[in-house]
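Some notes on the structure that comes next.
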Amino acid sequence: MADDSQDDLFSAPSAPKGPATPSAPRATAPAPAPKSAPVSEPPSSLSPDPVAAAHKPAPRPAPKPASPPPAASAENKGYDASSIEVLEGLEPVRKRPGMYIGGTDERALHHLFAEILDNSMDEAVAGHADRIEVIMDEDGYVSVSDNGRGIPVDPHPKFPDKSALEVVMTTLHAGGKFSDKAYQTAGGLHGVGISVVNALSERVEVEVARDKTLWRQTFARGLPQGPVEKVGAAPNRRGTTVRFKPDAEIFGPRAALKAPRIFNMARAKAFLRRGVQIRWKCPETLVEGTEIPAETTLAFPGGLADRLTELTPNSSLVTEQFAGRVERDGRMGAVEWAVAFSENGFGPDDSFCQSYCNTVPTPMGGTHEQGLRAALSKGLRAYGELANVKKAAQITADDVMGGAGILVSVFIKDPEFQGQTKDRLSTAEAGRLVEQAIRDQFDHWLAGRPKDAARLVEWAVERAEDRLKRKREKEVKRQSATRKLRLPGKLADCSQNSAEGAELFLVEGDSAGGSAKQARDRKTQAILPLRGKILNVASATADKIAANQEISDLLLALGVQPGRKFDLEDLRYERVIIMCDADVDGAHIAALLATFFYKFLPGLIESGRLFMAQPPLYRLTQGGKTLYAQDDAEKDRLLETAFKKGKVEVGRFKGLGEMTPPQLKSTTMLRESRSLARVVVTPEMRESADALVETLMGKKPELRFQFIQDHAPFVEDVDV
């Protein structure tokens, strides 16, 4: 009969089968007794039945004693039961620190301080402490003290021979934050934070002031140096003090906690809990050469709103901050936020978002950030639709978050993080709770500020249109040897391929363009005639700008792309010169072109590549002598000084097209005799320039009307 049993997939290979063992003999019927003389009496009922005896089963053989496990084969020598290590206590932390603090680099080193500070902040959040003290010494020690309840020091029920303090410091997954008995919300979840610090520190000293008594216990590399000791009475003191020094055996001999980083970490915590003071102190030598004070008190009654104000000191904001705090019963204890919407970004960054959960930073974001994104984007879309802004429907969360500076902090029960370092919040319910809390407040905030709300919706719509435009636009690259750049047909390009020394003249109208083409230096000067007045980009929508042929031709001729994709290396000319008539219409066209460059190609202005030609307005002729004047003042000066007595013929040019090519060349285009004005906007002028462009070229006519009223008294002559 075949054997139905199979070897287990993960078991060791079975030993080879030996020869079969002989089976037990079958039971046979006893031989019949010899016959005797017949007897007339019937057989007794107690007599054995020969048939039954024949079918009685044989007794089972006794079980064999269990054989000892086979010895390791030659190929498995070196890996047996003694190879299996069991790490106890804090040994796993010292063996694999990356599992608990994410590595042994500088960030992980300072994470030790964060773990101790989080414990004190949990006491403050629970309402048991309002003061935290951080002291840094020159010898590498850092101490964190609070005036909370203090770690219990009485014997632990499960370990009667150890105090609760020793259990917390030397046992992984031991703490008071697994339930809501001691803390409603807390940053500590796994009960490993302070024990990990103990394991990875050269020395840790803990003092507990509890029930008017001071206790102390010291540890070295995770091992207690004795039981908890009663120091004496402490009638005016309460709370816990932890003083530690990171172990050089783990982090390296050169590793050291840095005072500026410790200070900034403590400062960030102070914003997260209103009413908490964090006192900072360190030797002046540790902060020498920095702006960090050696001693100060950190307290911010405004919370995150104060922090956001510090982070955005010189930013041009669309509206005032949207900030608030909501406290609720249940799993989510509170959510606090502060949001600023910027027109031009925040310094080197277009946006930023700093989030926290139970005062723990979450640099990788998480569900609480997702809830805030949804609240802001949905709120703006809903308000835009109520205000009859048709394009509000295309606003996305990226449009809103991409230009916003955001701080958000949540306090929830039993949060779920990814990893011990808690870089990302993964509690699914947090997203829904944050969205509900902020969405209600955001709707009320928008409804109570209709002007700010309208500006904000307009700002978000513009960002959405820019996003869609970038998606549609085609990549245009600079002319290269392998691919010739597609240029507009009306461009009279220069013959040289190099940008060095090349000039592009933007000319008003085909008539002036014809004269300029005859007057130019064909090697280095290119001419692009423009048809009338170009589009006012400060008040036009993104769709109109994208569809405008004049702007498209101009960008193609320059070889660059607008906005953030502008690259000076792609510019095909060293100078771009706006050459318009010296009258009101010419000034208007020049203003429209300057607005385009300021809004879409600011890098051209910042690099000093944009110029205004200075064509003459008057021609003064007497006999064979001809001079040109750019304005009335120069005309009067020349009439008084440059000509003899007699009649001087004064001619006024109505436009560049009236000039002959030789006249245009000598007065406006020839490098040796022309006059150019460089367009300059310094960083100090940027804010006032933004306001002036918005006033004169923007969408709001009431601003222009007010400007005219304010400046009308200063007008002496009106050129009509």
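What shape does region 245-342 take by its C-alpha gyration tensor, where a ≥ b ≥ c are the square roots of the eigenvalues and a/c under 1.5 counts as rounded, a/b above b/c as prolate, and the rest as oblate?
Numbers: a/c = 2.32, a/b = 1.66, b/c = 1.40.
Here region 245-342 falls in the prolate category.
What does the C-alpha gyration tensor say about the overall shape of region 195-269? Classify as rounded when a/c is under 1.5, otherwise prolate if a/b is larger than b/c, or oblate.
Details: a/c = 3.43, a/b = 1.42, b/c = 2.42.
Oblate, since a/c reaches 1.5 and b/c is not below a/b.
Using the 10 angstrom Cβ neighbour count as an exposure proxy, how do 658, 88 rank, fewest first? The partial results should precede the final answer.
Details: 658 16, 88 7.
Sorted ascending by nearby Cβ count, the order is 88, 658.
Give me 257, 165 ranked fewest to most by other Cβ atoms within 10 Å of their Cβ, as a rough exposure proxy. Before the final figure, lay out each step's value.
Numbers: 257 21, 165 24.
Going from least to most buried by this count: 257, 165.
Express in whole angstrom the spacing between the alpha-carbon centres of region 296-353 and region 228-280.
26 Å
Taking the Cβ of residue 462 as the centre, find all other residues whose Cβ is under 12 Å away and add up their charges (Lys, Arg: +1; Asp, Glu: -1).
Numbers: positive: 391, 455, 463, 467, 469, 599, 699; negative: 343, 399, 458, 465, 466, 543.
Net charge in that neighbourhood comes out at +1.
Can you put 357, 282 in order, fewest other beta carbons within 10 Å first?
Working: 357 25, 282 21.
So the residues, fewest neighbours to most, are 282, 357.
What translational diffusion coefficient, in µm²/s and rounded to a whole number, does the Stokes-Einstein relation yield for region 92-298 at 10 °C and a viscosity of 1.306 mPa s, taking the hydrodynamic radius as the Kirkwood radius over Cα pairs?
On the way: Rh = 17.3 Å.
Calculated translational D: 92 µm²/s.
For the cross-link pairs 269/413; 390/544; 391/533; 523/665; 391/471, which exceed 22 Å when the distance is taken from alpha carbon to alpha carbon? Numbers along the way, then the final one.
Details: 269/413 19 Å; 390/544 16 Å; 391/533 28 Å; 523/665 15 Å; 391/471 17 Å.
With Cα atoms farther than 22 Å apart: 391/533.
Give the shape of region 96-165 as rounded, prolate or oblate, defined through the alpha-carbon gyration tensor: a ≥ b ≥ c are the square roots of its eigenvalues, a/c under 1.5 means rounded, and otherwise the shape is prolate if a/b is larger than b/c and oblate if not. Write down the numbers at each step before the final one.
On the way: a/c = 1.92, a/b = 1.26, b/c = 1.53.
Oblate.
Bear in mind these aren't lab numbers, they're just calculated from the coordinates by the rules spelled out. No experiment lies behind these values; they were computed from the predicted model shown. All Cβ positions, glycine included, derive from the backbone under ideal geometry; neighbour counts span all protein chains shown.
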